[in-house]
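The values are calculated or read from the model by the stated rules, or taken from the named source; none is laboratory data. Not measured: the values here are computed from a predicted model. Quick reminder, even Gly has a Cβ in these numbers, built from the backbone with ideal geometry, and neighbours come from all protein chains shown. Keep in mind that these areas ignore ligands, DNA and RNA; they rest on the heavy atoms of the full protein, side chains included. Shrake-Rupley method; radii C 1.70, N 1.55, O 1.52, S 1.80 Å.
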Amino acid sequence: EIHTIDFNSPSPKWAPISLPFPCPTYIRDIHGTSADNVWAVAGSGEELRKTSIILHYDGKVWTKHLENVYIGADAVFARGNDVWVGHQNGQIIHSNDGFKTHMIIQKGYRGDFLIGQIRGGSSATSPIYIGGPDGLKVIKNPTCVPKKQFGLFGPLVPCQKVEHLAQVPDKGNSGYRIMALIGELPGMTEDQVYTAGYTAWGGLWNGKQLIQDKGIINNKVGQNVYTSLMVKDNVLYAVGNDNFIAKRRLI
């Protein structure tokens with residue numbers, strides 16, 4: 001189920017949205033660039049079945065794409081019609097035309113290689129960051145144009161390269177996976193990104209290494225996962241389970 005909230009309202013409240021078609025599984029992630037360009041993904045990785053769907057809202061109606069074509073979808077990032085989706089098995093797909101067409105950028109694996117989140121900057125050329133159980137990855141050339149494999153009539157081959165940047169330092173963080181990413185914050189360059197996830201570990205990729213940020217770490221008993229990061233009024237919030245929110249003021 002998808003909910004909306006209007007923060008400009010005198011009494012903002014969450015309100016559910018009714019989809020014009022049944023959604024057979026869970027909404028996993030949502031991202032948009034405006035009120036008339038919102039993308040969401042739903043999916044279940046149960047037994048690695050092909051139970052996923054990509055949703056788009058144009059300000060008036062919801063439409064669906066690639067229903068039950070791939071393993072459960074877990075993460076989405078969009079800038080206009082340039083959309084990136086990550087799946088439960090580690091697969092990453094990309095469309096630059098609002099899913100009229102798409103390409104597989106990283107193939108999936110059998111097992112739990114869940115893509116926790118995909119985020120990038122507002123510029124089409126800024127890097128795409130990917131978080132998951134195997135740490136932080138990046139696509140530095142998101143606008144690379146695919147080429148034909150066997151001349152004029154061969155299949156297109158993606159040229160975007162997924163590079164591994166860092167794993168979380170193993171300091172009592174076994175089982176850690178990145179579930180949330182955020183960049184383009186005050187005082188940061190496009191090669192810097194905040195991360196958060198399981199074991200309530202928070203870190204900053206500073207362009208060279210992933211360092212722990214104690215401003216968003218929480219050692220509260222029972223707290224074991226941050227699921228999202230957001231910024232409001234120059235403050236970074238890390239939202240987790242147990243109704244806990246950690247925050248730090250940005251530079």
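Taking the range 25-47 as the range and being at pLDDT 85 or above and of a type in the set (F, W, Y) as the test, only W39 passes. Restricting attention to the range 86-130, the residues that are of a type in the set (K, R), part of a loop (DSSP other than H, G, I, E, B) and either in contact (Cβ under 8 Å) with a residue 40 or more places away in the chain or touching a Leu at 6+ places or on another chain (Cβ under 8 Å) (or both) add up to 1. In the range 39-76, the qualifying residues are those that are open to solvent by 30 Å² or more (accessible area, probe 1.4 Å) and of a type in the set (A, V, I, L, M), and the one that is farthest from the chain's Cα centre (by Cα) is V61. Considering each of K50, K60 in turn, give the residue that is at pLDDT below 90 and closer than 28 Å to E163 by Cα. Exactly one of K50, K60 is at pLDDT below 90 and closer than 28 Å to E163 by Cα, namely K50.
Against the condition within 24 Å of A180 (Cβ to Cβ), of a type outside the set (K, R) and touching a strand residue (DSSP E or B) at 6+ places or on another chain (Cβ under 7 Å), how does T63 come out, does it pass? Give the derivation first.
On the way: within 24 Å of A180 (Cβ to Cβ): no; of a type outside the set (K, R): yes; touching a strand residue (DSSP E or B) at 6+ places or on another chain (Cβ under 7 Å): yes.
For T63, the condition - within 24 Å of A180 (Cβ to Cβ), of a type outside the set (K, R) and touching a strand residue (DSSP E or B) at 6+ places or on another chain (Cβ under 7 Å) - is not met.
If we only count strands (runs of 3 or more DSSP E) wholly inside the range 199-251, which ones have 1 or more residues that are modelled with pLDDT of 75 or more and buried (at least 18 other Cβ atoms within 10 Å of the Cβ)? Can you show your working first?
On the way: elements: 202-205, 210-212, 226-232, 235-240, 245-249.
Correct list: 202-205, 210-212, 226-232, 235-240.
Taken over the range 63-76, the criterion of being of a type in the set (V, I, T), more than 15 Å from L19 (Cβ to Cβ) and modelled with pLDDT of 90 or more is satisfied by V76 alone.
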